[in-house]
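The values are calculated or read from the model by the stated rules, or taken from the named source; none is laboratory data. This one's a predicted model, so the numbers in the text were calculated from it and none came from an experiment. Cβ placement follows ideal geometry from the backbone for every residue including glycine, while neighbour counts extend to all protein chains displayed. Surface accessibility is based on the protein's heavy atoms, side chains included, excluding ligands, DNA and RNA. Shrake-Rupley method; radii C 1.70, N 1.55, O 1.52, S 1.80 Å.
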Amino acid sequence: MKRIEKVNTCFLPTPLHKLENFSKELDNIEVYMKRDDLTGIGMGGNKLRKLDYIVKKALDEGCTTLLTYGGVQTNHGRLTAAAAARFGMKSIIMCYGTPPEEMSGNLVLDRILDSEVIFMDTSEIRAKMEEMEYEEIVAAYKNLKKSSTDDVIAQRESIGEKVYLVPIGGHSPEGVMGYFDAVEEIRKQEQEMGVEFDHVVVGNGSGGTYAGLLLGKEYHKAPWNILASNISPKQEREMDELVDFCNEVSEQFEMEVKIQKEDVHYSNEYTGIAYNVPDEPTRQVISRLAKSEGIFVDPCYTGKSFSGLLGFIEEGLIKPGEKVLFIHTGGLPGIWTQEHEVGFNEDLWKDLKIY
Ligand SMILES: *Cc1c(COP(=O)(O)O)cnc(C)c1O
């Protein structure tokens, strides 16, 4: 196949270990965790593996600034800013929405990194949302993003910067290579530990992580069943597009593998109320894992994907006697946002003691 070069913001391999206590709570199912919350700089997370390839491309093109966009609480934005800092570039994060009343986890880190944070006001779209079709809403967000980023890029280029536009979530063919590589890394760790996983569970947002794992699994002929737990509900059409995207990437890098629709297993069952909206079941899963293993997952992504893992067990997709690997994709700064703190605080404050 055709390999491309990358930079290194990651400290690899990331740890992979068994959740001993948590597994004991289950009916003869062994749960392991790939600690991609510990990938590298900028407090880690899955986006860093993708950024290693994306930053290389930006540097090769002589770019001086990385610009990306996403939600106000974007982990990808924070890690793009950290990667930019590491390679002497500037960064701009464009967020859908308006500044929150309180600084939140990722925004604080973005500002410490001296990243420029620009908000794209979505109030006009939201005011009309009830009368709009789903496709119209998606198109309106796309237009807002296009016109705002075009403006900012033109302005920066007029003062001599060269801007690289990093797609949302690092969702690009180069970005996919990050998780394609992770498969080889996990296969090696399986060998060292003398285990082989039946299932791999991962959260799915923009799709690049899942795409990379699917392609890597085919290429390395891993026997895994890879189950994606969507972070927000996705339509079947979007999952079909992900299959097409995988096959385009396979062709581009001459992997000589083909992803079939049947290879894609996803669930919309564990998305909670909506994207990044706090909910009690997710909070309980976060607390359950923390209490048994001392490991945190976050309320926006990994709390929900870990709920997915438990749900897949309940559904019988993961069966007694099997081994499952959960990919911890990071996102912990998401705990420190007003909406989540409020939910946690109700529980957390009630038992505080003063001696
Ligand atoms: C972005 C993100 C995901 C989703 O990854 P995609 O490659 O966009 O599907 C999952 N977990 C965390 C913590 C993230 O920041």
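Anything in segment 187-238 that is closer than 22 Å to Ile313 by Cα, more than 16 Å from the ligand (Cβ to nearest atom) and either under 12 Å from the mean Cα position of the chain (by Cα) or among the hydrophobic types (A, V, I, L, M, F, W, C) (or both)? List them, or say none.
Within segment 187-238, Val195, Phe197, Ala222, Trp224 meet the criteria.
Can you name every residue in segment 167-186 that is within 12 Å of the ligand (Cβ to nearest atom) and either crowded, with 24+ Cβ neighbours inside 10 Å or in a helix (DSSP H, G or I) (or both)?
The answer is Ile168, Gly169, Gly170, Gly175, Val176, Gly178, Tyr179, Ala182.
Looking at (1) touching a residue at least 12 places away in the same chain (Cβ under 8 Å); (2) under 25 Å from Gln189 (Cβ atoms), which is the one condition that is false for Val72?
Checking Val72 against (1) touching a residue at least 12 places away in the same chain (Cβ under 8 Å); (2) under 25 Å from Gln189 (Cβ atoms), the one that fails is (2).
Pairs, please: C-beta under 6 Å, at least 6 apart or cross-chain, first residue on the phi > 0 side of the Ramachandran plot and in segment 204-219, second within 10 Å of the ligand (Cβ to nearest atom) and assigned to a helix (DSSP H, G or I)?
Pairs that qualify, where the first residue is on the phi > 0 side of the Ramachandran plot and the partner is within 10 Å of the ligand (Cβ to nearest atom) and assigned to a helix (DSSP H, G or I), are Gly207/Leu242.
Counting only residues that are farther than 25 Å from Thr337 by Cβ and open to solvent by less than 10 Å² (accessible area, probe 1.4 Å), how many does segment 64-88 have?
1
Is it true that some residue in segment 136-152 is within 16 Å of the ligand (Cβ to nearest atom), open to solvent by less than 30 Å² (accessible area, probe 1.4 Å), over 24 Å from Lys304 (Cα atoms) and under 23 Å from the mean Cα position of the chain (by Cα)?
Looking through segment 136-152, none of the residues is within 16 Å of the ligand (Cβ to nearest atom), open to solvent by less than 30 Å² (accessible area, probe 1.4 Å), over 24 Å from Lys304 (Cα atoms) and under 23 Å from the mean Cα position of the chain (by Cα).
Of everything in segment 191-208, what is open to solvent by less than 10 Å² (accessible area, probe 1.4 Å) and either of a type in the set (A, V, I, L, M) or in a helix (DSSP H, G or I) (or both)? Give them in sequence order.
Those that are open to solvent by less than 10 Å² (accessible area, probe 1.4 Å) and either of a type in the set (A, V, I, L, M) or in a helix (DSSP H, G or I) (or both): Val200, Val201, Val202, Gly208.
Show the residue pairs that are 6+ apart or on different chains and have beta-carbon atoms under 9 Å apart, the first residue being within segment 238-255 and within 9 Å of Ala211 (Cα to Cα), the second being of a type in the set (Gly, Ala, Ser) and modelled with pLDDT under 95.
none
If I filter segment 219-231 for residues that are modelled with pLDDT under 95, open to solvent by less than 10 Å² (accessible area, probe 1.4 Å) and in contact with a Cys (Cβ under 8 Å, 6 or more places away or on another chain), do I get at least one hit?
The answer is yes; a qualifying residue exists.
Is at least one residue of segment 96-106 surrounded by fewer than 21 Cβ atoms within 10 Å (Cβ to Cβ) and closer than 30 Å to Gln189 by Cα?
Scanning segment 96-106, I find no residue that is surrounded by fewer than 21 Cβ atoms within 10 Å (Cβ to Cβ) and closer than 30 Å to Gln189 by Cα, so the answer is no.
Name the single residue, out of those in segment 17-53 being open to solvent by less than 20 Å² (accessible area, probe 1.4 Å) and away from the ligand (no atom under 16 Å from the Cβ), that is farthest from Arg111 (Cα to Cα).
Residue satisfying both the conditions and the ranking: Ile29.
Step by step: first the residues of segment 295-310, then only those that are touching a helix residue (DSSP H, G or I) at 6+ places or on another chain (Cβ under 9 Å) and among the small types (Gly, Ala, Ser), then the one that is nearest to the ligand (Cβ to nearest atom). Which residue is that?
Gly303
Taking segment 271-298 as the search range and keeping residues that are in a loop (DSSP other than H, G, I, E, B) and at pLDDT 95 or above, which one is most open to solvent (accessible area, probe 1.4 Å)?
Phe296
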